[in-house]
Each structure stands twice: as structure tokens, then as C-alpha cells.
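Read-outs: derived from the displayed coordinates by stated rules, not from any lab. From a predicted model like this one, the values you see are computed outputs, not experimental measurements. Backbone-built Cβ (ideal geometry, glycine too); neighbour counts: all protein chains shown.
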Amino acid sequence: MTELRHSFHDELDQIRDTVVTLAAHVTEAIPRATEALIENNLELAQEVIRGDDALDLLSLEIEERCYAAIALQQPMAVDMRTIVTAMKLNGEYERSGDLAVNICKGLRRVYGLSLTPTLRGLISSMSEEAVRLTRLSVDAYAERHAGLAAALPDIDDRLDDLQVQFIEAIFEAHNDGQLSLQETVQLALIARYYERIGDHAVNIGERVMYMVTGESPESVGATRARKAAAAASDDDTSTEGDVIDGDFGAETG
């Protein structure tokens, strides 16, 4: 029995390492997509797009290993949370990889566009923040660091601010006649892709918190909903009592 448990925990370690590998590929894809966009490099963009197949294959491997671990070992408590977290993170990182691909596809729609130094600088900054958030999220996961995971939403504020600055800059450029409407829309979508990568990192942080503490984001929301429902029920009961008392008072008068 002890040998089986050792084997099971070895498998959990392998799943964790594969998730970390997937995240590493994503952190490599983001700056490569950014370089392709800034340098108008269609060849590099196509390499990033083709590379997504390897990410999908790795993601499928993680999913299959997690399902097998659940089916064969019937894990409980912490072990179950570890597997569920790996499955959730797998999806988040896979979608972040897809967003890097979307940046490259966006390049194809604005190919030949000469970006102003301001726009180039903001794109580079958004990319750096997206990479930083992704790396911090996987560090929190690999180290089971609840404090770092909890800090990710605040760190993500920087990327949100950069996106706002970028949107303002592209609409100003459009109003000045430097960008067509099509180019403006595509650049706005690209900014959204970077921002969404940050959102995925924040989601990962929430899942790491669940793995470490046992409290999921959904359970926090459910607790608030229950408290609100209970408060509303108490208010209704109190109101009904006031009405009844008032009616009795009218009848006795």
C-alpha cells in the first residue's frame, strides 16, 4: 500500500512538472509574438502559430494524466485539490498560449503597419507585464505559495493600466489620421489579448489559493450569496411582523 502511495505522489509530481513545462512554453511564446508584431515579422509569427500544436499536445497529456490519477487512485482532500488545480491551470495556460497565437494572427491583419515609438513602447510594456504575471503564477503554483498567489490581482493592475494607455494612444492616432479604423480595431484587440493573459494569471492565483487552503473562488462567492440570502430572509420576516402588528392595531382600534 505504501509503495502505491509513493507511486501516486510521484505521478502528482510529474503532473506538476508538466504543467510547469506548459507554462514555460507560454512564457516563451508571448515575447516571440510581440517581437513578430513589432518587427512585422510574418515568418516568426507563423512559427509561434505552428508551435501552438505542441502546447495543445502537452495540454492533452496533462488532462489525460489527471483523469487517470482520479480514476485509478480515487484521491481525497489535498491530493484531490492538487489534481483539480492542475486541470484548471492546464486550461488557463493553454488559453494563454492561444492568445499569443491571436497576437500573431492580428499581425497578419495589420501587416506593413509602421507603429509609432509610443505604440511600440506600450506593446513592449504590456508584453513584459504579461510574461511577468505568467511567470509569477507558475512560481506560486510550483512553490505552493499562497501569498504570491493572493498578490497577483494587485500586480495585474499594472497591465490593466497599460492597456488603457494603449487604447487611448491608438484612438488618438486614429483621430490624427495615422491609423485607419481597421488598424485601430485590430490593435485594440491585440491589447485585449495581452490583458486577458494577465487575467488568466490571476485566475491561476485563485486556483493555487484553493489548492493550498481548500477555499475556492466559487466558495467565497457562495458564502457571500448565502449571507445575502439569509439577511434578505431576516428582513422579510421582520417586515411581515411589522405588517401583522399594524393590522392587529387597526382592528383593535
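Fewest Cβ neighbours within 10 Å first, please rank 134, 18 accordingly.
So the ranking, lowest neighbour count to highest, is 18, 134.
Divide the volume of the convex hull around the Cα atoms of region 9-135 by the residue count and you get 85 Å³ per residue.
The gain in end-to-end length when the residue 160 to residue 109 segment is fully stretched comes to 16.0 nm, 0.36 nm per residue minus the alpha carbon separation.
Residues 76, 209, ranked from the fewest to the most other C-beta atoms within 10 Å, line up as 76, 209. Within region 118-157, all pairs of alpha-carbon atoms sorted by distance into 10 Å bins from zero give the percentages 30, 43, 20, 7.
Between residue 145 and residue 64, full extension at 0.36 nm per residue minus the direct alpha carbon distance yields a gain of 26.6 nm.
For the chain, the square roots a ≥ b ≥ c of the C-alpha gyration tensor eigenvalues yield an a/c of 1.5 or more together with a/b not exceeding b/c, which makes the shape oblate.
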